[in-house]
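Asker: Quick one: the structure is below, and I'll ask about it shortly.
The values are calculated or read from the model by the stated rules, or taken from the named source; none is laboratory data. All of these numbers come straight from a predicted model, not from anything done at the bench. Glycine gets a Cβ as well: all are built from the backbone with ideal geometry, and neighbour counts include every protein chain shown. Quick note on the areas: whole protein, heavy atoms, side chains included, nothing else; ligands and nucleic acids left out. Shrake-Rupley method; radii C 1.70, N 1.55, O 1.52, S 1.80 Å.
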Amino acid sequence: MSAPRFGAIESGGTKFVCLVGSAPDRIEAEVRFPTGEPAPTLARAVDFFRERVAAAGPLDAVGIASFGPLELRPGHPKFGHLAATPKPGWSGVDVAGPVAAALGVPVAIDTDVNGAALGEGRWGAARGLDTYVYLTVGTGIGGGAVIGGKVVSGLIHTEMGHLAVPRIAGDAFPGSCPFHGDCWEGLAGGEAMGARWGVPAEELTGDALREALRLEAAYLAVGLRNIVYTTAPQRIVIGGGVAELPGLFPLLRTELSAALAGYPGLPEHTAEDFVVPARLGRLAGPAGGLVLAAGAATAAQRQTRSGAGPSEGTDA
Ligand code: ZN
């Protein structure tokens, strides 16, 4: 039996990353290109996989970690389609269907944030845990919760960036969320930081950086307090550009400890390894695609074995 060979797509608002492999350190080919109009962009992804199939044989499955919002209810007629999105031309687009139809292999899809959560759980900073939260703090804020080994998803995926958080005393910034103004993302996302301080967060230096980090850590901590109390994570992993600002994590741990105020008094909540940086970096999304693909392949095999599949004898 040969090693599995999966396709992964990270479908982002600005770029697509497609790769073939089985793990972040076992990638045989990768391509990145800008996200343009839906049809040609998806066709470019399909072409890449077809080339890889022609060059080195069939894929077992493809996993897609996509920007959202996405319809993810199994059996829903619009499963795998984008809902209303500000990305021009992409509202209502079927992301998973064209890939599955063109390649004829099992295809799984979830959000880019949930994908990154799965990737960090399999290979990164949440490895070995079954209940954790992955948060990305980039332009906006997004969070994926894995509870008992499964990504939380119901009517829709989670939207942790839009949590309501209390305002830090003295902060008069109105907030940048187009829907809620001063929600968590509206106060603490990278776009909010840029608007509040007048320069992109990564360009802040000296006293301005120190002041920005102090406020950012305070806002992230009050949101994390809500997440700690509602999902009981074993760990919180944070990725995204804002998470890479130097010196954020020690401040954040101190602020979270203050926000929890000794309740319920678990030493784990204030330990160094409770709130940690993501480890997979820019590979987190595509790695999530690989985890999703593996799940799709396993589900398809199970179906074949139970006699529901079209044929037997296709296994190498
Ligand atoms: Zn909001």
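Asker: Using the C-alpha atoms of the stretch 93-209, what convex hull volume per residue, in cubic angstrom, is computed?
Answerer: In the stretch 93-209, the Cα hull volume divided by residue count equals 177 Å³.
Asker: Report the convex hull volume per residue for the stretch 125-278, counting only C-alpha atoms, in Å³.
Answerer: Hull volume over Cα atoms, normalised by residue count, gives 106 Å³.
Asker: Right, another one. Calculated from DSSP H runs of 4 or more alone, at -39500 (n - 2.57) each and per residue, what is the 222 nm mean residue ellipticity of the chain, nearest 500?
Answerer: -11500 deg cm²/dmol
Asker: Describe numerically, in nm with one decimal, the distance between label points set 7 Å from Cα along Cα→Cβ at Glu211 and at Thr270.
Answerer: Placing both labels 7 Å along Cα→Cβ, they lie 3.0 nm apart.
Asker: Need the list of lysines near Lys78 for cross-linking: C-alpha distance under 19 angstrom, and skip anything on the same chain fewer than eight residues off.
Answerer: Lys78 reaches Lys87.
Asker: What translational diffusion coefficient, to the nearest whole µm²/s, does the stretch 44-92 have by Stokes-Einstein, given a Kirkwood radius computed over alpha-carbon pairs, a temperature of 37 °C and 0.692 mPa s viscosity?
Answerer: Result for D is 254 µm²/s.
Asker: Could you state the accessible area per residue of the chain in Å², with a 1.4 Å probe and every protein chain left in place?
Answerer: Result: 47 Å² per residue.
Asker: Do me a favour and compute the ellipsoid semi-axes for the chain from its Cα gyration tensor, root of five times each eigenvalue, largest one first, whole Å.
Answerer: 36, 21, 17
Asker: Further question: In whole Å, what are the extents of the stretch 251-311 along the principal axes defined by its C-alpha atoms, from largest to smallest?
Answerer: The Cα atoms of the stretch 251-311 stretch 59, 29, 14 Å along their principal axes.
Asker: On alpha carbon coordinates alone, what is the Rg over Rh value for the stretch 88-140, Rh being the Kirkwood radius?
Answerer: 1.09
Asker: For Ile156 and Arg44 in one chain, what is 0.36 nm times their gap in residues minus the Cα-Cα distance, to one decimal in nm?
Answerer: Length gained, Ile156 through Arg44: 37.5 nm.
Asker: Next up: With a ≥ b ≥ c taken as the square roots of the eigenvalues of the C-alpha gyration tensor of the stretch 23-145, please select rounded if a/c is under 1.5 and otherwise prolate if a/b is larger than b/c or oblate if it is not?
Answerer: Oblate shape, in that a/c is at least 1.5 and b/c is the bigger or equal ratio.
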